[in-house]
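> I have a structure here, written as structure tokens, and I will follow up with some questions on it.
The values are calculated or read from the model by the stated rules, or taken from the named source; none is laboratory data. Keep in mind that this is a model prediction, so the values were computed, not measured. Note that each Cβ is placed from the backbone with ideal geometry, even for glycine, and that neighbours are counted across all protein chains shown. Surface accessibility is based on the protein's heavy atoms, side chains included, excluding ligands, DNA and RNA. Shrake-Rupley method; radii C 1.70, N 1.55, O 1.52, S 1.80 Å.
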Amino acid sequence: MTRIVIIGSGVVGTATGKAFHKMGHKVTFYDVSKNQLLPLQEHGYCISENIKDVMLKSDVSFVCVNTPNNYDGRKQDLSQLKSALYDIANALDSIRKYHLVVFRSTILPGTMRNVILDYLEKNCSSQRGKDYDICYNPEFLRQRTALDDFMNPDRVVIGLERKNTKISSRSSSFPYLLLKRLYGQLTKDIIVTDYESAELIKYASNCFLALKITFFNEIGMICKRLGIDDKVVSHVVSLDKRIGTYGIVAGNPFDGSCLPKDTEVFVSLIKKLQIDPDLIGVSLRINELLKTNLSSIDSVII
């Protein structure tokens, strides 16, 4: 049994904690909002309102705080993450045993190394690699089925510090071994890579889903113009095992807490890198057009 603390008990944190609890580990939920914790407490889960106390009594912390976009969608708001980092650094300096901090929040490439690692190196007197380690473990959870998705993963990705790491399931590092023990009950497909690759894998996955939904919406528009039944077309195309059925229903723009914000901030990164033409940016424009033209929308939420 591993003692786990969940820092940030929203959709991702709740699903992560409930899953590990179901797997037999001791889980405690922490969040700055009591409104997030009270429902968990009412259902018999352990909660704490003091991050230092709960980290002192745990072996692994999973950081699942929100990373929304700013008001215009062009930049990622890391204020919640930085607030958590401040508390985590103070807690790590009080812990007298090894502790692993696992970040699951969606973050742009470079954030682990240039923000998180940099902050802890400058503000934590404990020695990384000896007293604590950090790694990135992106989530691939749908909003409506987060717990089921966690319990039945297609793969688990672990991002470690070292650069130029070839993707491999073989690693001798302690963070990998600890997470392999936790996730080994769920899948053998545990992929180890560097921070930046793991961060980009998350965005590439979400942006592909946004593109797929948008593609079938465009096919639906074409079908409507030609008087063709888009449901027949989409269904038959989905029978191709390389494509599948997710997101093929025309008329449903992508929505929810992940795909829009992740696609928007990733498009901003593409513009910053001066990459043109921008296929992913087109998906945003088509999605907004569809939302504007429909009076009744059953959005695809992830």
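> Which value at 222 nm does the chain reach when only helices count, each DSSP H run of 4 or more adding -39,500 (n - 2.57), with the total divided by all residues and rounded to the nearest 500 deg cm²/dmol? Let's see the in-between values first.
On the way: 11 runs with 133 residues, N = 302.
That calculation yields -13500 deg cm²/dmol at 222 nm.
> Would you mind getting the accessible area per residue of the stretch 1-60, heavy atoms of the protein chains only, 1.4 Å probe, in Å²?
On the way: 2870 Å² over 60 residues.
On a per-residue basis, 48 Å².
> Then there is this: Normalised by the empirical 2.2 N^0.38 Å for globular proteins, what value does the Cα Rg of the stretch 175-236 take? Kindly include the intermediate steps, with their values, before the conclusion.
Values: Rg = 19.3 Å, N = 62, 2.2 N^0.38 = 10.6 Å.
Normalised Rg, Cα atoms only: 1.82.
> When all alpha-carbon pairs of the stretch 211-261 are counted, what percent fall beyond 14 Å? The partial results should precede the final answer.
Details: 639 of 1275 pairs.
Within the stretch 211-261, distances greater than 14 Å cover 50 percent of Cα pairs.
> To the nearest 10 square angstrom, what accessible area does S105 show with a 1.4 Å probe?
10
> Find the eigenvalues of the gyration tensor of the Cα atoms of the stretch 126-255, then list the square roots of 5 times those eigenvalues as equivalent ellipsoid semi-axes, largest first, in whole angstrom.
Working: eigenvalues 300, 42, 30 Å².
Ellipsoid half-lengths, sorted descending, are 39, 14, 12 Å.
> Follow-up. Rolling a 1.4 angstrom probe over the protein heavy atoms, how many square angstrom per residue are accessible across the stretch 90-165? Intermediate results must be reported in sequence, preceding the final value.
Values: 3410 Å² over 76 residues.
With all protein chains present, the stretch 90-165 gives 45 Å² per residue.
> Another question, then. Could you rank Y45, Y71, Y195 by how accessible they are, 1.4 Å probe, largest area first? Please report the intermediate quantities before stating the final value.
Details: Y45 50, Y71 210, Y195 0 Å².
In descending accessible area the options line up as Y71, Y45, Y195.
> Follow-up. Computing the accessible area with a 1.4 Å probe over protein heavy atoms, can you report the carbon and sulfur percentage for the chain?
Working: 8130 of 15670 Å².
On the chain, the fraction of accessible area on carbon and sulfur atoms equals 52 percent.
> Within 15 Å, Cβ to Cβ, of A89, how many net charges do the neighbouring residues add up to if Lys/Arg are +1 and Asp/Glu are -1?
Working: positive: K52, K82, K122, R128; negative: D87, D93, D118, E121, D131, D133.
Net charge in that neighbourhood comes out at -2.
> Could you give me the percent of Cα pairs per 5 Å distance bin for the stretch 1-126, shortest bin first, beginning at zero and ending with the bin that holds the maximum distance?
Calculated P(r), rounded to whole percents: 2, 11, 21, 23, 19, 13, 7, 2, 0.
> Ignoring everything but the protein chains, give the 1.4 Å probe accessible area of K122 in square angstrom, nearest 10.
It works out to around 150 Å².
> Quick check on the stretch 73-195: what does the Kirkwood estimate of hydrodynamic radius come out to from the alpha carbon pairs, in Å? List each step's numbers first, then the result.
On the way: mean 1/r = 0.0643 Å⁻¹.
Evaluated on the stretch 73-195, it is 15.6 Å.
> With N set to the residue count of the chain, report its C-alpha Rg divided by 2.2 N^0.38 Å to two decimal places.
Values: Rg = 20.5 Å, N = 302, 2.2 N^0.38 = 19.3 Å.
It is 1.06.
> Moving to a separate point now. Diagonalise the Cα gyration tensor of the stretch 188-277 and give the resulting equivalent ellipsoid semi-axes, square root of 5 times each eigenvalue, largest first, whole Å.
Value: 29, 18, 11 Å, ordered largest first.
> Something else about it: Using a cut-off of 27 Å between alpha-carbon atoms, which lysines can reach K18, once sequence neighbours fewer than 8 places away in the same chain are excluded?
Cα-Cα hits under 27 Å: K26, K34, K52, K57, K82, K97, K180, K188, K202, K261.
> Using a 10 angstrom cutoff on alpha carbons, build the Gaussian network for the chain and name the most mobile of D72, D149, D255.
D72
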